[in-house]
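What follows is a set of notes on a single structure, which appears directly below.
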Amino acid sequence: MIMNEQEQAKILLNNEIQVTDWRSQFVGQTGIVKGIMADGRTLDIRLSNGCLVFLDVTLVREIQEQPKLTKVEQSLGPIANHMVQDGI
């Protein structure tokens, strides 16, 4: 599915972003999208350093949270575990 800039801006609203385009002096910084300007593609962003900036939606990307994988001990149930242990 191809989204236009206005749809991308709506998705980014209230989400954490990172400035990714080298054309911006804020490249590499992260922030929260606080609003969308009337043109539908300019984002009002509060950067993590406290600065308020206006950037085009094409200069940023959403930060995706990495799922936290927890190591869970596998269990086959008390009867099966007992059978496995006896076989070892």
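Okay, here's what the table says:
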item: Residue pairs meeting the criteria (Cβ under 8 Å; at least 6 apart or on separate chains; first more than 12 Å from THR58 (Cβ to Cβ), in the range 5-26; second surrounded by fewer than 12 Cβ atoms within 10 Å (Cβ to Cβ)); result: ILE11/MET3; GLN18/GLY28; PHE26/CYS51
item: Leading residue by the ranking (surrounded by the most Cβ atoms within 10 Å (Cβ to Cβ)) among those in the range 18-42 that are within 15 Å of GLN6 (Cβ to Cβ) and touching a helix residue (DSSP H, G or I) at 6+ places or on another chain (Cβ under 6 Å); result: VAL33
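So that you can scan it fast, the table gives a plain yes or no per residue for (1) aliphatic (A, V, I, L, M); (2) assigned to a helix (DSSP H, G or I); (3) modelled with pLDDT under 95; (4) within 19 Å of the chain's Cα centre (by Cα):
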{"position": "PHE26", "(1), (2), (3), (4)": "no, no, yes, yes"}
{"position": "ILE45", "(1), (2), (3), (4)": "yes, no, no, yes"}
{"position": "THR58", "(1), (2), (3), (4)": "no, yes, yes, yes"}
{"position": "ARG61", "(1), (2), (3), (4)": "no, no, yes, yes"}
{"position": "GLN66", "(1), (2), (3), (4)": "no, no, yes, yes"}
{"position": "SER75", "(1), (2), (3), (4)": "no, no, yes, no"}
{"position": "ASP86", "(1), (2), (3), (4)": "no, yes, yes, no"}
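The values are calculated or read from the model by the stated rules, or taken from the named source; none is laboratory data. The shown structure was predicted, so the numbers you read here are calculated from the model rather than taken from an experiment. FYI the Cβ positions are ideal-geometry reconstructions off the backbone, even for glycines, and counts take in every protein chain you see.
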